[in-house]
Amino acid sequence: MDLKRSARLLLTTKAIRGYGDGFTALLLPVYLVSLGLGPFEVGLVATAAMLGSAILTLAVGMAGHRVSARALLMLSCLLMLITGLAFSQAQSFWPLIIVAFVGTLNPSSGDVSVFVPLEQAMMANAGPDADRTTRFAMYTVVGALGVALGALSVGLIDPLTRLLARPRSDMLEAAFALYGLIGVAAFLLYRQLPKEAAEVAAQRTALGPSRKRVFQLAALFSLDSFGGGFLVQSLLALWLFNRFDMTLATAGVFFFWTGLLGAASQFLAGRIAGRIGLIKTMVFTHVPANLCIMAAAFAPTLPIALGLLVVRAALSSMDVPARTSYVMAVVTPPERAAAAGITNVPRSLAAALSPALAGALFTAFVFPWPLLIGGGLKVAYDLLLLNQFRHVKPPEEL
């Protein structure tokens, strides 16, 4: 598939941003615990980060059509730089909460940020409808690979601490500063977006004829995201640390390989969707994945828990390119940025409510209720989506 230059730039930027998200998602609980915070406070910081991302994403979805997409992406990169530098210097709870809320920090393994609606609209316009799901599979795959490599790199923290004879806290602070510098690299890439991408972005409008459909999807995605907020990678890693004494290095390797597995599985999304349709692809891969995370709550040993999480990783991400492709397909092209913004908001807004609750449940109970609750809510979302949208077909399925 011959990708436009704008698509290649977006894929590259997605990968390096994913790398930053991958290591900060794992380092976040470690850093906060090293500062004396508990699981509930970790959950509150994750909530603040996701809530702030939701508000920014909603603003782009509702009013971003009035501003150049290229300019918005570059401004977001500057915010990423400020976030990393400020987080590396904050030492107490309330400054950390403020930086998490106004910044771009992502405690989830998924991409829930202001970058998403703008990039998705550009990717949707980067080729014919027949290749749209495959393009979004590439988009999510390179992001997942970046996240996986970022997770793997956290294993370097302790060796570097010993090699440089520096306190571990210094290395953790340097890692968040590196996250900020990744924003600079993304800024330089976005500056190279060609005029063609800017012309397409200029055609963006607010929601019009697709408003009702988009809000119906957003409501369903809210349920999915609220359930997913119980399962953000930072809290899942914290559970593995506390329940099974998993080391940071082991966690990094594990999330690297599950990230690779999730990325590889997404290449199948376009092929499966071509056979059974986008909605069925989303549901029939998502339900078994969520049953696995629910079963992991009862795992008596680390190998069993990790085995269930591996199966989940192989299935849980295949709905991502299918979902994005579906949203872009069932709205008019000028509405795509607005639709992406409004349907992506639940990925951080609704999910922002649950990490703090999950942290409280992890603190109050030995049994990992967040895994059971989160998985159950996501299964309910899958069944409702199938019921409400199985007859709404994208153009290539008509």
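The values are calculated or read from the model by the stated rules, or taken from the named source; none is laboratory data. All values reported here derive from a predicted model rather than from experimental measurement. In this analysis, Cβ positions are derived from the backbone assuming ideal geometry, glycine residues included, and neighbour counts consider all displayed protein chains.
For the condition touching a residue at least 60 places away in the same chain (Cβ under 8 Å) and under 19 Å from residue 232 (Cβ atoms), what is the one hit in 355, 395? Before you say what the answer is, go through the steps one by one.
Values: 395 fails: under 19 Å from residue 232 (Cβ atoms).
Result: 355 is the single residue among 355, 395 that is touching a residue at least 60 places away in the same chain (Cβ under 8 Å) and under 19 Å from residue 232 (Cβ atoms).
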Inset, instruction - State all residues of segment 93-117 that are small (Gly, Ala, Ser) and modelled with pLDDT of 85 or more; if no residue qualifies, say none. - result: 100, 103
Inset, instruction - Looking at (1) under 19 Å from residue 144 (Cβ atoms); (2) buried (at least 24 other Cβ atoms within 10 Å of the Cβ); (3) of a type outside the set (D, E, K, R), find the lone condition where residue 272 falls short. - result: (2)
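Which residues, counting only those in segment 149-165, are without any contact (Cβ under 8 Å) to a residue 40 or more places away in the chain and within 17 Å of residue 35 (Cβ to Cβ)? First the steps, then the outcome.
Taking segment 149-165 first, the residues without any contact (Cβ under 8 Å) to a residue 40 or more places away in the chain are 156, 159-165.
The answer is 161, and nothing else.
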Legend entry - Residue that is modelled with the lowest pLDDT [pool: residues in segment 15-51 that are surrounded by 24 or more Cβ atoms within 10 Å (Cβ to Cβ) and touching a Phe, Trp or Tyr at 6+ places or on another chain (Cβ under 6 Å)]: 24
Legend entry - Those helices (runs of 4 or more DSSP H) lying entirely in segment 219-313 with at least 2 residues more than 25 Å from residue 46 (Cβ to Cβ) and under 22 Å from the mean Cα position of the chain (by Cα): 248-276, 278-296
Inset, instruction - Look at residue 299 and say whether it is of a type outside the set (S, T, N, Q), modelled with pLDDT of 95 or more, in contact with a helix residue (DSSP H, G or I) (Cβ under 7 Å, 6 or more places away or on another chain) and surrounded by fewer than 22 Cβ atoms within 10 Å (Cβ to Cβ). - result: no
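Residue-by-condition table, conditions (1) within 28 Å of residue 93 (Cα to Cα); (2) touching a helix residue (DSSP H, G or I) at 6+ places or on another chain (Cβ under 7 Å):
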{"site": "7", "(1), (2)": "no, yes"}
{"site": "15", "(1), (2)": "no, yes"}
{"site": "22", "(1), (2)": "yes, yes"}
{"site": "26", "(1), (2)": "yes, yes"}
{"site": "30", "(1), (2)": "yes, yes"}
{"site": "36", "(1), (2)": "yes, no"}
{"site": "43", "(1), (2)": "yes, yes"}
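Select from segment 164-215 the residues that are among the small types (Gly, Ala, Ser), within 16 Å of residue 9 (Cα to Cα) and either exposed (fewer than 14 other Cβ atoms within 10 Å of the Cβ) or at pLDDT 90 or above (or both) and list them in ascending order.
Residues satisfying the conditions are 183, 185, 186.
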Inset, instruction - Would you check which residues across segment 314-368 are closer than 26 Å to residue 301 by Cβ, under 19 Å from the mean Cα position of the chain (by Cα) and surrounded by fewer than 24 Cβ atoms within 10 Å (Cβ to Cβ) and list them? - result: 314, 315
Inset, instruction - Just one of (1) touching a Ser or Thr at 6+ places or on another chain (Cβ under 6 Å); (2) modelled with pLDDT of 90 or more trips up residue 348, so point out which. - result: (2)
Legend entry - Top-ranked residue in segment 226-244 [being small (Gly, Ala, Ser) and modelled with pLDDT under 85; ranked as surrounded by the most Cβ atoms within 10 Å (Cβ to Cβ)]: 229
Legend entry - Sole residue being of a type in the set (A, V, I, L, M) and under 27 Å from residue 275 (Cβ atoms), chosen from 340, 358, 351, 305: 340
Legend entry - Filter result for residue 291 (in contact (Cβ under 8 Å) with a residue 60 or more places away in the chain and more than 26 Å from residue 49 (Cα to Cα)): yes
